[in-house]
Amino acid sequence: MESNEQGPARGLLPPGRWSVEPERSTVGFAIRHLLVQTVRGRFTDFEGEIETNPGATRASGLVRTGSIETGEPERDAHLRGREFLDAEHHPEIRFDAQRVERADTDAFWLSGDLAIAGATQPVRLLATARPGDVPERVMLRVRGAVHRSAFGITSSSLLEAGVADRVDVELNLAAVRTDGR
């Protein structure tokens, strides 16, 4: 992943190698249904890594599609099915950041490729970082939006006709240093 000359994560994320701690993190989403209800969900099985150095920052993550939860088992099964995530044939959602740019003094942009259900599209996510409860931990807040149609996820069902195309992505991540610095 490229970074700008000033090191976009510098000062926001200490140099080192960091691994996301799933037990302290959430990977969630929100989508409008019938223009009146917001359906929120999350993935319970995921991982991620970040490596920051003075000249470059790299970040990647994956989510196992079979771990989707919205609070309704029937809806969850439908979302895992062929019409949406197709978890049987596409068991992972992957994000690989190729560029990190400072957004302002407290935030940075992560630009990279997001792969969902066999399709890959560029995305740009806004991230903020703050120190964790111990020096070896950082907390990251990542927000963005994707359009499911860009990944070929559309529905021909009248039941799904009221589901918005835009999906808001909501990640709250704790990452622990793994390089022993």
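So in segment 1-19, with the set limited to residues that are within 17 Å of the chain's Cα centre (by Cα) and more than 17 Å from LEU126 (Cα to Cα), which one is modelled with the highest pLDDT? Can you show your working first?
Residues of segment 1-19 within 17 Å of the chain's Cα centre (by Cα): 1, 18-19.
Among the residues that remain, those that are also more than 17 Å from LEU126 (Cα to Cα) are: 18-19.
On the way: TRP18: 94, SER19: 97.
Of everything passing the filter in segment 1-19, SER19 is modelled with the highest pLDDT.
To keep it simple, each residue is scored yes or no on (1) free of Cβ contacts under 8 Å to residues at least 40 places away in the same chain; (2) touching a helix residue (DSSP H, G or I) at 6+ places or on another chain (Cβ under 9 Å).
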{"site": "GLY118", "(1), (2)": "yes, yes"}
{"site": "ARG130", "(1), (2)": "yes, no"}
{"site": "VAL134", "(1), (2)": "yes, no"}
{"site": "ARG143", "(1), (2)": "yes, no"}
{"site": "GLY152", "(1), (2)": "yes, no"}
{"site": "VAL163", "(1), (2)": "no, yes"}
{"site": "ASP168", "(1), (2)": "no, no"}
Failed criterion for SER60 (all others in (1) in contact (Cβ under 8 Å) with a residue 60 or more places away in the chain; (2) farther than 19 Å from ASP165 by Cα hold): (1)
Between ALA77, ALA59, which is of a type in the set (Gly, Ala, Ser) and buried (at least 18 other Cβ atoms within 10 Å of the Cβ)? ALA59
Among the candidates ARG137, ARG80, residue that is among the basic types (Lys, Arg) and either in contact with a Cys (Cβ under 7 Å, 6 or more places away or on another chain) or closer than 30 Å to GLY16 by Cα (or both): ARG137
For segment 67-91, what are the residues that are under 18 Å from the mean Cα position of the chain (by Cα), under 18 Å from SER149 (Cα atoms), outside any loop (DSSP other than H, G, I, E, B) and not basic (Lys, Arg)? LEU79
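When you look at GLY41, is it outside any loop (DSSP other than H, G, I, E, B), surrounded by 16 or more Cβ atoms within 10 Å (Cβ to Cβ), without any contact (Cβ under 8 Å) to a residue 40 or more places away in the chain and not acidic (Asp, Glu), yes or no? First the steps, then the outcome.
Values: outside any loop (DSSP other than H, G, I, E, B): yes; surrounded by 16 or more Cβ atoms within 10 Å (Cβ to Cβ): yes; without any contact (Cβ under 8 Å) to a residue 40 or more places away in the chain: yes; not acidic (Asp, Glu): yes.
Criteria met by GLY41.
For (1) acidic (Asp, Glu); (2) touching a His at 6+ places or on another chain (Cβ under 7 Å); (3) closer than 20 Å to VAL146 by Cβ, each residue gets a yes or a no:
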site: ARG24; (1), (2), (3): no, no, no
site: LEU35; (1), (2), (3): no, no, yes
site: GLU49; (1), (2), (3): yes, no, no
site: ALA56; (1), (2), (3): no, no, no
site: SER60; (1), (2), (3): no, no, yes
site: VAL63; (1), (2), (3): no, no, yes
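May I ask you to say which residue of GLY144, GLY118, GLY152 is more than 18 Å from the chain's Cα centre (by Cα) and over 17 Å from GLU51 (Cβ atoms)? Please lay out each step first, then the result.
Numbers: GLY144 fails: more than 18 Å from the chain's Cα centre (by Cα); GLY118 fails: more than 18 Å from the chain's Cα centre (by Cα).
None of the other options fit; the residue is GLY152.
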Which numbered condition GLU74 fails, given (1) farther than 30 Å from ASP179 by Cα; (2) in contact with a helix residue (DSSP H, G or I) (Cβ under 9 Å, 6 or more places away or on another chain): (2)
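The values are calculated or read from the model by the stated rules, or taken from the named source; none is laboratory data. It should be emphasised that the depicted structure is a prediction, and the values quoted were computed from it without experimental measurement. Every residue, glycine among them, receives a Cβ derived from its backbone with ideal geometry; neighbour counts consider all protein chains shown.
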